[in-house]
Amino acid sequence: MCSILLRFRTYTYGLSTDIEKTFFHVGLDESDRDFTRFFWLSNPEDPESKFQVYHFKTVVFGSTSSPFMLNATLHHHLANYNTPVDEDMKENIYVDNVISGCNEEQDAVDYYGEVQSIMKEAHFNLCSWSSNSPLLREQAARDGIPDTKEIVNILGLKWNTFSDTLSLTPQKPCQPSDQPITKRCVLQISSKTYDPLGRLSPVTIRAKLLIQEIWQQQLEEASKITLPRCYSTESESQTFVFLKSKSAKKYTTC
């Protein structure tokens, strides 16, 4: 996933699309369908009616193995082609999302048309097209498959297609509580921030260091952690090196 996001940031024009009702378009072999059997009331309006046995004919949405089967099916279909576009799709499909881009706007529009053609041959419909390219957005609007939202979801990140910026999903602030702050609480809070590219690492590293300190002191509650107030004494001296970058935006000490 991180490699897809990193490649996505290298293109001048980004684009994303979803495969509509993906799992329903991947059929199960008839000999495997009995493994997806389930019961259903013969008369849903009568809870006392007898059960009937059904089974799925397509890949079950939510099953652990479903994403693997979908990925294998998509790669099997794309293997029938030998173009730069299908090779790009093999690397930039995440479950049912295609996230890629081009450096020229016309190339992005051509990519849109070729991808649509390739996927339609397997009866997959690409919808919810998003891009910072006005030409591609106009083409998707004419075809009736645009994502009309200004801010769209890109693998957990928020992409503003008009300002062409990425942002993290805001988290709700922690509510004050009278309960002791345990190691589990600190771990839960530090894990809430979804940051696949590590853009907030200078901030989130503090929580990880706190967890490390709690374990080193073998504490059950974070509120009992102690830190030395004084960094040095008369009998002990420490050297601090201050580094400043030319941009005056990056500082570090050691």
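Numbers for the structure displayed
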read-out	value
Top-ranked residue of the range 135-148 - restricted to ones that are part of a loop (DSSP other than H, G, I, E, B) and in contact (Cβ under 8 Å) with a residue 12 or more places away in the chain, ranked as nearest to GLY14 (Cα to Cα)	ASP147
Qualifying residue in the range 87-95 (condition: open to solvent by 40 Å² or more (accessible area, probe 1.4 Å), of a type in the set (Phe, Trp, Tyr) and without any contact (Cβ under 8 Å) to a residue 60 or more places away in the chain)	no
Complete set of residues in the range 29-61 that are touching a helix residue (DSSP H, G or I) at 6+ places or on another chain (Cβ under 7 Å) and aliphatic (A, V, I, L, M)	VAL59, VAL60
Enumeration of residues in the range 135-164 that are open to solvent by less than 50 Å² (accessible area, probe 1.4 Å) and aromatic (Phe, Trp, Tyr)	TRP159
Which numbered condition VAL115 misses (of (1) open to solvent by less than 70 Å² (accessible area, probe 1.4 Å); (2) of a type outside the set (Gly, Ala, Ser); (3) in a strand (DSSP E or B))	(3)
Selection from the range 168-190 of residues that are surrounded by fewer than 14 Cβ atoms within 10 Å (Cβ to Cβ), modelled with pLDDT of 75 or more and within 30 Å of ILE19 (Cα to Cα)	THR169
Neighbours by Cβ (under 7 Å, 6+ apart or cross-chain): first from the range 72-83, more than 16 Å from SER117 (Cβ to Cβ); second among the basic types (Lys, Arg)	HIS75/LYS90
Selection within the range 50-82 - open to solvent by 80 Å² or more (accessible area, probe 1.4 Å) and under 24 Å from the mean Cα position of the chain (by Cα)	PHE61, THR64, PHE68, HIS76
Condition broken by THR165, with the remaining ones in (1) β-branched (Val, Ile, Thr); (2) modelled with pLDDT under 60; (3) under 30 Å from PRO134 (Cα atoms) satisfied	(2)
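The values are calculated or read from the model by the stated rules, or taken from the named source; none is laboratory data. Only a predicted model underlies this, so the values are computations on that prediction, with no experimental measurement involved. Virtual Cβ from ideal backbone geometry, glycine too; neighbours counted across all protein chains shown. Just the protein is used for accessible areas: all its heavy atoms, side chains included, with ligands, DNA and RNA removed. Shrake-Rupley method; radii C 1.70, N 1.55, O 1.52, S 1.80 Å.
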